[in-house]
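Notes for the one structure printed next.
The values are calculated or read from the model by the stated rules, or taken from the named source; none is laboratory data. Because the structure is predicted, anything quoted here is derived from the model rather than measured. Cβ atoms come from the backbone with ideal geometry, glycine included; neighbour counts cover every protein chain shown. Accessible surface is based on the protein model in full, side chains and every heavy atom, while ligands, DNA and RNA are left aside. Shrake-Rupley method; radii C 1.70, N 1.55, O 1.52, S 1.80 Å.
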Amino acid sequence: MLTKKHDPADPLERARIRDAGGWVSRNGRLNETLDVSRAFGYVDMMPSVQAAPHVKHHTICDQDEFIFIATKEVWEYLTPELVVDVARGARGDLMRAAQKIRDLTMAYGSKEKIMVMMLSVADLKRRRERSRMHRGQSMSWFNFPQDETGLPISTRRGRKAKGEGPLDSTLQRLEAEVPAPTGMIAIVFTDIKNSTQLWETYPEAMRSAIKLHNEVMRRQLRRIGGFEVKTEGDAFMVSFPTPTSALLWCFAVQTQLLTVNWPSEMLNSLSCQPTFDRDNKLIFRGLSVRMGIHWGEPLAEPDPVTRRMDYYGPMVNKASRISACADGGQITVSSDFIMEIQRCLETYQEAEGGSGTPPAADDGFVDDFAKAIRNELRSLSSQGFEVKDMGEKKLKGLENAEYIYSLYPHALAGRIDQHNLHERAQSLAAGGPGAGEKPAMLSPDSQLAIDTEDIWALWHIALRLEMLCSTLEDEGGRGLQPPETELMERMRQRGGEVTERFLINFMEHQVSRIETCINTLSIRHLVLSGDPIRQLNDLRAPMASVLNTLTEQLALLGRYQARYGPLMGKGRFWVLLMGVGRR
């Protein structure tokens with residue numbers, strides 16, 4: 001986006017407008033006139049209205065092929081995914097790609113002016129690589145000719161014959177599916193966390209969410225070059241000819257799932273709500289998918305019914321069990337997969353340094369295979385990733401334990417803290433350290449008819465309300481995050497016997513916390529809105545500012561009483577107070 005509509009009702013814009021001497025009406029208009037706060041030509045309304053643009057910086061990375069610029073009319077009729085698919089289909093001729101997007105927008109019903117511009121940035125990457133190549137005569141992977149697309153290629157893709165391929169028109173626009181790999185391959189299993197509960201609670205929203213989930217998975221499969229073996233419910237089984245392509249696909253899916261336009265019901269649920277790390281970076285949003293990768297040589301045979309390649313044997317069983325070790329949004333891998341990744345890094349880093357030579361290529365297929373690994377290594381190194389050792393784990397149905405590792409792209413490294421909490425909870429449930437301690441409970445001779453679970457529920461409600469009040473303090477629009485419950489769970493699991501006096505005082509303390517939060521939210525509602533709340537941002541402002549506004553309103557009310565006499569009743573007092581707040 002080159003610019004955006006600046007809404008006067010936005011907390012940051014509203015604060016700026018008030019500092020400049022303006023005001024925002026109940027309808028969200030600046031001085032009851034404009035529905036935007038930044039525009040040209042309104043000299044009489046300066047400085048409340050200014051022309052300062054919205055500026056956003058974006059760093060071009062090796063995965064970027066082109067920059068697409070279009071007017072608002074294009075985005076009202078076409079989705080960004082559709083635009084990218086059409087442009088990638090004609091990437092060799094950017095003028096033709098821009099014309100196809102323009103014609104497609106008109107075919108969807110556009111009748112206004114349309115401007116489409118495409119800028120290729122793939123040449124920048126190739127120029128940088130050519131400059132490296134000419135610095136010396138040593139043989140490196142930069143000396144090898146690049147593929148025309150600049151993207152990783154896994155194997156040679158066959159052309160789609162008429163009448164073949166998927167029925168989905170979205171998939172038909174993408175690259176053809178790669179042939180099923182055989183021999184030493186990477187197998188990935190995926191699954192959606194809490195999918196059964198989500199289906200029971202939000203059946204209609206989950207129907208749309210699953211379609212969006214499947215579209216992301218298959219789109220990235222076609223782009224990176226993987227083979228979809230089969231699906232079981234919301235779980236995928238896919239295979240890749242190289243370990244680097246499997247890891248790239250997992251990283252791409254985990255990143256893309258954060259940007260999907262999920263149904264609002266899903267985003268309001270506890271399992272799918274946006275979650276931020278300590279640096280205020282988005283790490284969870286929408287459906288949370290667990291993934292497991294294993295490297296090996298399975299038995300490969302076509303399925304007699306579907307006629308698609310299927311895989312069997314111990315290697316597949318181990319890959320499935322490795323996936324079961326993962327939490328939502330986590331990518332777990334086997335020690336065999338880590339060793340293969342290390343082998344690829346050592347082999348091609350040696351080739352880059354000039355002290356060795358790349359693997360010999362006996363035919364075109366091997367040469368394509370080598371180029372695929374080099375391109376995929378570049379993509380992995382450009383985004384960076386972290387490896388976390390999860391230790392040795394006993395996998396269900398397997399005799400020997402397996403060392404499991406967890407991989408994270410740098411952009412999602414904040415998930416490590418969340419998954420550490422999940423591992424601790426699993427350790428307690430499995431009898432790990434701390435599991436032998438008694439949970440908090442009343443002594444057997446207690447006369448109180450109180451369920452301790454109700455006390456923990458009160459504590460959890462207090463934590464959620466306090467997190468809500470803390471979020472409303474931030475004018476930057478930070479989303480609501482789940483509360484930190486580690487201390488509560490530790491006390492709940494290891495508290496041992498507690499006395500009646502402690503339990504009663506603790507319960508009164510939680511009730512006081514809840515009442516304080518409710519009073520705080522009520523004051524915010526009274527001062528900032530007064531009308532039914534439509535969104536969380538209606539109550540967003542620093543509490544000091546809210547109290548200052550309330551003080552000004554009470555002072556204005558005092559002057560009114562001094563001039564016109566005391567009010568006739570409490571009802572009239574609140575009506576007047578709320579009216580002052582609106583003005």
Which listed residue, of T242, T259, is modelled with pLDDT under 95, touching a Ser or Thr at 6+ places or on another chain (Cβ under 9 Å) and closer than 21 Å to S382 by Cβ: T242
Segment 378-395: number of residues that are in contact (Cβ under 8 Å) with a residue 60 or more places away in the chain, open to solvent by less than 40 Å² (accessible area, probe 1.4 Å) and under 20 Å from the mean Cα position of the chain (by Cα): 2
Odd one out for A51, checked against (1) closer than 18 Å to L528 by Cβ; (2) open to solvent by 40 Å² or more (accessible area, probe 1.4 Å): (1)
Cβ-Cβ under 6 Å pairs, at least 6 apart or on other chains, segment 69-81 side closer than 18 Å to H58 by Cβ, far side open to solvent by less than 90 Å² (accessible area, probe 1.4 Å) and of a type in the set (A, V, I, L, M): I69/M117; A70/V116
Candidates V55, V24, V84, V74 - the one that is within 30 Å of L536 (Cβ to Cβ) and in contact with a strand residue (DSSP E or B) (Cβ under 9 Å, 6 or more places away or on another chain): V24
Residue satisfying all of: in segment 4-38; assigned to a loop (DSSP other than H, G, I, E, B) and in contact (Cβ under 8 Å) with a residue 40 or more places away in the chain; farthest from A52 (Cα to Cα) among these: R26
Residue count, segment 1-38 (criterion: of a type in the set (V, I, T), over 19 Å from R534 (Cβ atoms) and at pLDDT 85 or above): 3
Residue satisfying all of: in segment 441-470; assigned to a loop (DSSP other than H, G, I, E, B) and touching a Leu at 6+ places or on another chain (Cβ under 9 Å); modelled with the highest pLDDT among these: I450
Subset of segment 103-121 that is assigned to a helix (DSSP H, G or I) and without any contact (Cβ under 8 Å) to a residue 24 or more places away in the chain - its residue that is most open to solvent (accessible area, probe 1.4 Å): M106
Top-ranked residue in segment 88-97 [being more than 30 Å from the chain's Cα centre (by Cα) and of a type outside the set (K, R); ranked as surrounded by the most Cβ atoms within 10 Å (Cβ to Cβ)]: L94
Test: residue in segment 510-522 that is under 30 Å from Q273 (Cα atoms) and modelled with pLDDT under 80: no
Residue within segment 368-389 that is modelled with pLDDT under 95, more than 24 Å from A252 (Cβ to Cβ) and part of a loop (DSSP other than H, G, I, E, B) present: no
Output for segment 82-102, where each listed residue is outside any helix (DSSP H, G or I) and touching a residue at least 12 places away in the same chain (Cβ under 8 Å): R91, G92
Test: residue in segment 57-80 that is over 25 Å from the mean Cα position of the chain (by Cα), part of a loop (DSSP other than H, G, I, E, B) and hydrophobic (A, V, I, L, M, F, W, C): no
Flag if A246 is more than 27 Å from H460 (Cα to Cα), open to solvent by 10 Å² or more (accessible area, probe 1.4 Å) and under 25 Å from the mean Cα position of the chain (by Cα): no
Matching residues in segment 176-192 - criterion: being open to solvent by 20 Å² or more (accessible area, probe 1.4 Å), over 15 Å from S334 (Cα atoms) and touching a strand residue (DSSP E or B) at 6+ places or on another chain (Cβ under 6 Å): A180, T182, D191
Within segment 397-426, tally of residues that are modelled with pLDDT of 85 or more and over 23 Å from the mean Cα position of the chain (by Cα): 4
Helices (runs of 4 or more DSSP H) wholly inside segment 242-349 that include at least 1 residues being within 30 Å of E204 (Cβ to Cβ), in contact with a helix residue (DSSP H, G or I) (Cβ under 7 Å, 6 or more places away or on another chain) and of a type in the set (A, V, I, L, M, F, W, C): 243-256, 264-267
Residue list for segment 205-215, filter: surrounded by fewer than 19 Cβ atoms within 10 Å (Cβ to Cβ) and in contact (Cβ under 8 Å) with a residue 40 or more places away in the chain: S208, L212, E215
Some residue of segment 231-240 being under 11 Å from the mean Cα position of the chain (by Cα), surrounded by fewer than 18 Cβ atoms within 10 Å (Cβ to Cβ) and not in a helix (DSSP H, G or I): no
Among the residues listed as V49, V83, V36, the single one being more than 27 Å from S379 (Cβ to Cβ), in contact with a Phe, Trp or Tyr (Cβ under 7 Å, 6 or more places away or on another chain) and of a type in the set (A, V, I, L, M, F, W, C): V49
Selected residue (criterion: nearest to M118 (Cα to Cα)) from residues of segment 38-67 that are touching a helix residue (DSSP H, G or I) at 6+ places or on another chain (Cβ under 7 Å) and of a type in the set (D, E, K, R): E65
